[in-house]
Structures are given as structure tokens and as C-alpha cells.
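The values are calculated or read from the model by the stated rules, or taken from the named source; none is laboratory data. No experiment lies behind these values; they were computed from the predicted model shown. Virtual Cβ from ideal backbone geometry, glycine too; neighbours counted across all protein chains shown.
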Amino acid sequence: MAVSRYYNEDIETAPRDALDALVDEQVRYTVAYAAEHSPFYRSWFRSHGIDPASVRDHEDLLGLPLVSGDTIRASQPPDTPDFLFRSVDWPEVFTVHETSGTSGTPKAFFLTWQDWERYAEKYARAFVSQGFSKGDRVVICFPYGRNVGANTMTLSARAIGMTMIPGGTCYAPARIIGRYHPTAIVGSVFRFLALARELSAAGIQPAESGVKRLVAGGESFAPESRAYIEETWGCPVHNTYGSTEGTMCGECERHLGLHVPEDLVHLDIYDPGLRSFVPDGECGRIVLSTLIGKGEHCGTLLLNYDTGDSSAVISRERCPCGRTHLRIMNPTRDAETVRVAGVYFGRIDVERGVFQRENLEDLTGEYESFLVPGDRPGGVVLRVSVEVRDPRGADREGIRDRFIRGFIGNNPRLRKIVDEGTLGFTFRFAEPGGLELFRLTGRPRRLIDRREGSKT
Ligand SMILES: [Zn+2]
């Protein structure tokens, strides 16, 4: 049986000029809808002296102010009498989601049934681009409940003809695999590592489990960790990037960046000062805008929403998979980036050091790291804690050397601060289950800045 390569072929392979014209049309519908139905945007257009009808195409979005999670928090009770971002009447609200992020105060997010269908379509396109088809059985190792991703991924299965197995925290993976023979698992890269260990302990080799593909989401990862998980599971790991705000981007089987469903969400990359777009290829902040079609409704409409994540446009040319929708780099969270002596690095750099292939003979891949003041003035120490399979047998010196080499990579600025001694390292080799993050709930934080005066 021929398997379709596309979920929505006409849209996914539309020529660039047709796609741009469609995006501009959606921008006009969306801005008109915002001006009419969103209390926040109604007063926002008025107070900024902007005529909504003057916003004609996606370039015009640059002339509109940016909003952020803080704007949403300041526009909902108790700060305001009502939810100013809610852009439909209550009877049309299908679900309400609270997203807390890292700040603690939950943002309210309203979804209509149409929003659910649009989110599901984005995931359906991604799944099909990753080779999923009718008959696939997919375990979702993400919590349901407040999580929009797990729920809308599940909805996407309906149109493809897949079976979804809500796994939540994926308790008892050996039983799930033995009973239901899933062909794919969706989860975080660290979940895949833990599942592989749990399966091996139960006498099942992950590569012989029948799982044909893994879909990673929830957090970015280093290429080295993907390579290791692909080796362990004997199958490809495809990347996705999603959020409650509606960015659902997925890597196709070619792994040449994440395709952005351009007709359903608009994504701009801004310079770090958030003043202008950066040229394609340059890294900057992801700013998204909801897109809706003529006559469609939207529960929480966002224009120029600063996601706090960074990425770069890789290409707007047709991908070898045939899709024309633009491709972006694996996004990273700005909250996971630190600065030492003017040099930036992030969790992915630390992860690259941990996942040096030879290190994984001794390490499980689980790690956490803390930035603390060093002994010398201005000096900083990165305290790296790694989980070791057998603390007595580990090649500690080798792990340390390979970590530092992998961490520096090809970055001459990192090399300089390490060579100068401005950035030093200490290592802790924790026994299984011995990391701090195992005792904490919520999203694990793997690079924590504990210098004096830092916010974290
Ligand atoms: Zn592609």
C-alpha cells in the first residue's frame, strides 16, 4: 500500500510566492479578528494609534509592539477584572489551560474546538512527514491534563488512522511494549534514555522492541544525545517543538531543520534587542503570531508574542522531502543560556560535553550543572554532576577530559575563557538516582546559575 508522504499536500508543497500570499491573507484576517474580538488588542490598537486595516502583510507585523508572557499575566485577574486575551465568548471556549513556565504565576490560555483542530493538524503534518501512517501505534510519554501537546497529538491520530497509547510517565514500559507492540514513542530524550535502561533491565533490548521511530519534544537537545539514543534504540529520533501558544513545528525524515506550518502560525526571528528581524541564517528570538483563516475563531489570539526561545531560519527553499514551509534550527531556551566574561553558553554546550560517545560507557546521560563563583576574582566554576552506572568503575579522568573537549567544541571564545582559567570545572560522579533534579518536580533544570546576584 502506498503511504502518503504528506498530510495536506497542496498546502505543504505550495510554491513560495503562493505560500507568502496565503500568509499575508491570514495576517489580515487575524489582525481584523484581533481588533474585533480581543479586548486586549482592541485597546492596544487604540492606545498605539494603529489602524488595524493598515496591517497588510507579514512585514507590517514589525511595526506592531511585542507582547510576552508577562503581558498576558498583567491582562488577567487579579490584575484586570476579566481575561483580556480571551477572544471568544465563554460558550465557545472548549478548554482552558494554565501554563506556569518558570515564573510560577500561571497564564490562562483559552482554546476553541477550532484551535484544537488547528493544533492537531500541525502535529498530523509533522507525524506524516516523519513517516507515520495508518496502523502505527504510538505511546505518548508526556503528561496529559494541562498539557496541550499530548492531547492535541492524540487528536491528530484520528485523521491519520494511528492508535495512541497515553503513557503519561510511562510506568512499566516493558509491559506496555510486550502487550501493545507500539511502533513509536513520543517523549523527551531523557525519557528515552530511562526507558531504554528500564527495558534492558527487564531483558528487552530497545533495538529489538519493535519501536521504529522516536519523536522527541519538550526540550532541545544536543546532536550528540540524539546520536546516542538512535544508537541505543536502533531507530531514528525526530524532533518537534511545541508550546501551548501554538508553535508546533516538526522535523521531517530528512532532519534538515524543523518545518514551520506557515499557514497556521507565523514566526519571525528578532534580534536580541527585539527591535528588528534578523536575516535568515542568523540566530535570534522567536516571535510568533497566531494565524487564522477567514471566518475562523480563536480562543487566545497572540500577535508578536515573544516566546523567550531562540532559533534561526535555515531555509525557505523547498526541502528534499518536497515541503516548502520554512525550516528553523532546533530552538533553545534563553532561560538556559548564561554569560561568563562576555561569552554566552547554554545547556546544550554542557550536554555536548556529557554525551561524548566514550563517556556513555560509564554515564547514563543524566546530568545537572551549576555555575558558582570561583576562587579567583571574576572566576567562575561550572560544577558538573553526572550520573554514573557504577561509581567505582568509572574512568573519571577520561570523562572529565572528554567533557571539557566536547563542551568547548569549535567555539574559540569558550576555549579562551577556559584556557585563561576564567571558567573552571569541578565534577561530581553521582551514583544512580543521586542527582538533585531527581528530587525535584516540574521541568528538570540542567544548567543553573548560582552566582551572586543572578536571578536563579
Ligand atoms: Zn522536509
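Out of the residues in the range 174-189 that are surrounded by fewer than 18 Cβ atoms within 10 Å (Cβ to Cβ) and not aliphatic (A, V, I, L, M), which is nearest to Tyr367 (Cα to Cα)? Within the range 174-189, the match that is nearest to Tyr367 (Cα to Cα) is Ser188.
Here the range 277-294 is the region considered, the condition is being surrounded by fewer than 16 Cβ atoms within 10 Å (Cβ to Cβ) and in contact (Cβ under 8 Å) with a residue 24 or more places away in the chain, and the residue that is nearest to Glu121 (Cα to Cα) is Gly293.
Within the range 422-439, residues that are on the phi > 0 side of the Ramachandran plot have Cβ atoms under 8 Å from residues that are surrounded by 14 or more Cβ atoms within 10 Å (Cβ to Cβ) in these pairs: Gly433/Glu387, counting only partners at least 6 apart in sequence or on another chain. Of the set (1) under 30 Å from Ala335 (Cα atoms); (2) out of contact with any Cys (no Cβ under 9 Å at 6 or more places or on another chain); (3) not aromatic (Phe, Trp, Tyr), all apply to Met162 but (1). Might you check whether a residue that is modelled with pLDDT under 95, surrounded by 14 or more Cβ atoms within 10 Å (Cβ to Cβ) and either more than 30 Å from Gly322 (Cα to Cα) or not β-branched (Val, Ile, Thr) (or both) occurs anywhere in the range 32-44? Yes, that holds for at least one residue. Check the range 272-287 and report whether any residue there is within 16 Å of the ligand (Cβ to nearest atom) and not hydrophobic (A, V, I, L, M, F, W, C). No; the residues of the range 272-287 include none that is within 16 Å of the ligand (Cβ to nearest atom) and not hydrophobic (A, V, I, L, M, F, W, C).
If you go through the range 242-262 and keep only what is at pLDDT below 95 and within 16 Å of the ligand (Cβ to nearest atom), you end up with just Met248. Flag: Leu274 does not match the condition of being surrounded by 22 or more Cβ atoms within 10 Å (Cβ to Cβ) and assigned to a loop (DSSP other than H, G, I, E, B). Of the residues making up the range 356-380, those that are of a type outside the set (Gly, Ala, Ser) and within 22 Å of Lys416 (Cα to Cα) number 9. Candidates Pro81, Pro65: the one that is loosely packed, with under 13 Cβ neighbours inside 10 Å, at pLDDT 95 or above and either in a loop (DSSP other than H, G, I, E, B) or over 30 Å from the mean Cα position of the chain (by Cα) (or both) is Pro81.
Any residue in the range 319-330 that is more than 16 Å from the ligand (Cβ to nearest atom) and not in a strand (DSSP E or B)? No, the conditions are met nowhere in the range 319-330. Residue count for the range 237-271, restricted to those that are farther than 30 Å from Ile185 by Cα and surrounded by fewer than 19 Cβ atoms within 10 Å (Cβ to Cβ): 1.
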